[in-house]
1. How about the stretch 5-14: which of its residues are assigned to a helix (DSSP H, G or I), exposed (fewer than 15 other Cβ atoms within 10 Å of the Cβ) and not small (G, A, S)?
2. Quick one: would you say I71 is part of a helix (DSSP H, G or I) and under 16 Å from E158 (Cβ atoms)?
3. When you go through E161, E140, E153 one by one, which is the residue that is farther than 18 Å from N77 by Cβ and either of a type in the set (D, E, K, R) or touching a strand residue (DSSP E or B) at 6+ places or on another chain (Cβ under 6 Å) (or both)?
4. Taking the stretch 15-32, which residues are out of contact with any Asp or Glu (no Cβ under 8 Å at 6 or more places or on another chain) and surrounded by 15 or more Cβ atoms within 10 Å (Cβ to Cβ)?
5. How many residues are within 17 Å of E20 (Cα to Cα) and part of a helix (DSSP H, G or I) if we restrict to the stretch 44-68?
6. I'd like the full set of residues that are acidic (D, E) and at pLDDT below 75, limited to the stretch 101-157.
7. Quickly run through the stretch 30-44 and pick out the residues that are more than 12 Å from V147 (Cβ to Cβ) and among the β-branched types (V, I, T).
8. Being surrounded by fewer than 15 Cβ atoms within 10 Å (Cβ to Cβ) and of a type in the set (D, E) is the filter here, so list the residues in the stretch 49-68 that pass it.
Amino acid sequence: MDDHSLLAATREGDEAAFQEIVRRYRNQITNYVYRMIDDYDRAVDIAQETFVRVYMNMERYQATYSFSTYIYRIAHNLAITELRQRKRRRLIPLPTFFSDKDSEEVEVDLPDQGQVLADEAIIADERRQAVTTAIASLPEKYRAALVLCDLEEKSYEEISEVLGLPTGTVKSRINRARNLLKEKLRDIL
């Protein structure tokens, strides 16, 4: 069944149809949100919230639009809300757990797990982390377009619908995001 048929069946009370929708989109939505907010546990929560909103507002969905665009739009809005809330939250430093009673820092030796990683694996992991960090440091308007295009492999038209922007603006933002990434990663890679 296609997405529209599954939604119609869900409206009629077929729980298995909604479970199929969740199965189809769970990983994609979680990955997209994770790439936007760079916090896996929170991304899982936001993905679940996305499906709750789809279910609760099922009557609003218009079958004239692509369902994938609809669900990505909900996930995108929730991710942007999370990013904005993070900016508003005050950071409160926690006292270090590695200090003695006089608040003097104490050096702690962590036990060696006996695992030695190959140089290549370490380098690949550092590169992957550098790219992830660089993407996370992009302004959210560029990050969203870049993640949807290069990581989620959405078309310009789909991205345009998800972000509610003209296709030309989407192309411009993707180009700008790629250039910013090149600048950030020039020395590292």
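1. R11, the sole residue that qualifies.
2. So I71 passes the test.
3. E153
4. Matches in the stretch 15-32: A17, F18, E20, V22, Y25, R26, I29, T30.
5. Summing the residues that are within 17 Å of E20 (Cα to Cα) and part of a helix (DSSP H, G or I) in the stretch 44-68 gives 13.
6. D102, E104, E105, E107, D109, D112, D119, E120
7. Hits for the stretch 30-44 are T30, V44.
8. Selection gives E59 alone.
The values are calculated or read from the model by the stated rules, or taken from the named source; none is laboratory data. In this text, all values refer to a predicted model and were calculated from it rather than measured experimentally. No Cβ is skipped: glycine too gets one built from the backbone with ideal geometry, and neighbour counts run over all protein chains shown.
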